[in-house]
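Where a number appears in this text, it was derived from the coordinates with a stated rule and is not lab data. All of these numbers come straight from a predicted model, not from anything done at the bench. Cβ sites come from the backbone with ideal geometry, for glycine too, and all protein chains shown count toward neighbours.
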Amino acid sequence: MHTLVILLGLGVAAMTLMSILWSIAFPDQRIWPPKRYTALTPFFVWVPTFTLFGVLFLLGIWDWGELEIPIWARLGIGLPVILIGNIVVWTEVSYFGVRQTGGAKGTLRIEGMYRYSRNPQYVADIAIVSGWMILSAAPSAMIVGFSAIAALVAAPFSEEPWLKEQYGTAFENYSSRVRRFL
């Protein structure tokens with residue numbers, strides 16, 4: 001069962017990354033962000049997302065503490081990073097709404113955490129995954145976690161051409177003064 005859960009996590013991360021890389025290579029046939037937001041879009045966005053986070057959680061619980069990461073680092077770094085990441089993600093989701101966070105067209109957001117990063121939700125998701133990898137000290141969570149982080153790092157490269165297309169000069173001006181990540 002443990003191996004199947006690892007394979008599920010790696011499979012979801014790989015499919016997500018392949019979809020993003022496809023969208024970067026072939027922007028006219030992109031998968032992310034979706035060309036059209038339909039009733040099925042939330043299914044294709046949120047099911048893999050929550051599956052991957054669920055797999056990471058489960059693997060972390062199963063292999064809890066197998067790596068020799070000092071408890072001060074696990075609790076003093078891992079836990080705060082998870083908490084801060086969740087605060088950033090859910091604060092920005094509350095401003096955007098679930099639809100726009102999931103790929104629906106909306107407005108260009110340059111306030112809040114977007115004053116400091118063009119992708120604070122991805123940065124926060126990376127923080128959550130990294131924090132969980134540290135807190136759980138679980139080797140299998142590390143394997144799947146690094147795969148998830150690869151997809152999260154790649155995602156802005158498929159979104160930014162779409163944002164430029166949607167918002168034109170406003171996005172170009174914004175991206176010239178705000179960094180992609182931090």
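Side notes on the structure shown:
- Rounded to the nearest Hz, the phi-derived 3J(HN,Hα) couplings of the range 95-105 under the Karplus curve 6.51 cos²θ - 1.76 cosθ + 1.60 (θ = phi - 60°) are 6, 6, x, 5, 4, 5, 4, x, x, 6, 5, where x marks glycine and proline.
- Annotation: amide H-H contacts under 5 Å for Ile31 (H modelled 1.01 Å from N, sequence separation of 5 or more, or interchain): Ser23.
- Spacing of the two label points (7 Å from each Cα toward its C-beta) at Phe44 and Trp22, in nm: 0.8 nm
- Order of Val178, Val129 under a 10 Å beta carbon neighbour criterion, fewest first: Val178, Val129
- Nearest-0.05 FRET efficiency for Glu172 and Glu68, computed from C-beta distance (R0 45 Å): 0.40
- Folded to 0 to 90 degrees: helix 139-177 orientation relative to the chain principal axis, Cα: 20 degrees
- What the phi angles of the range 49-65 give under the Karplus curve with 6.51, -1.76 and 1.60, with θ = phi - 60°, is a coupling list of 4, 6, 5, 5, 5, x, 4, 4, 4, 4, 5, x, 5, 4, 9, 3, x Hz, glycine and proline written as x.
- Projecting the Cα atoms of Ala13, Ser117, Ala127 onto the dipole axis of the range 2-177, where Lys and Arg carry +1 and Asp and Glu carry -1 at the beta carbon, places Ser117 farthest toward the positive end.
- The magnitude of the dipole of the chain, with charges of +1 and -1 set on the Cβ of Lys/Arg and Asp/Glu and taken from the Cα centre, is near 560 debye.
- Ordering Thr91, Leu152, Ala170 by the projection of their Cα atoms onto the charge dipole of the chain, which places +1 on the Cβ of Lys and Arg and -1 on the Cβ of Asp and Glu, puts Ala170 at the extreme positive end.
- For the range 114-123, 3J(HN,Hα) per residue [Karplus equation, 6.51 cos²θ - 1.76 cosθ + 1.60, θ = phi - 60°, Hz, x = Gly/Pro]: 6, 6, 10, 8, 6, 9, x, 5, 5, 4
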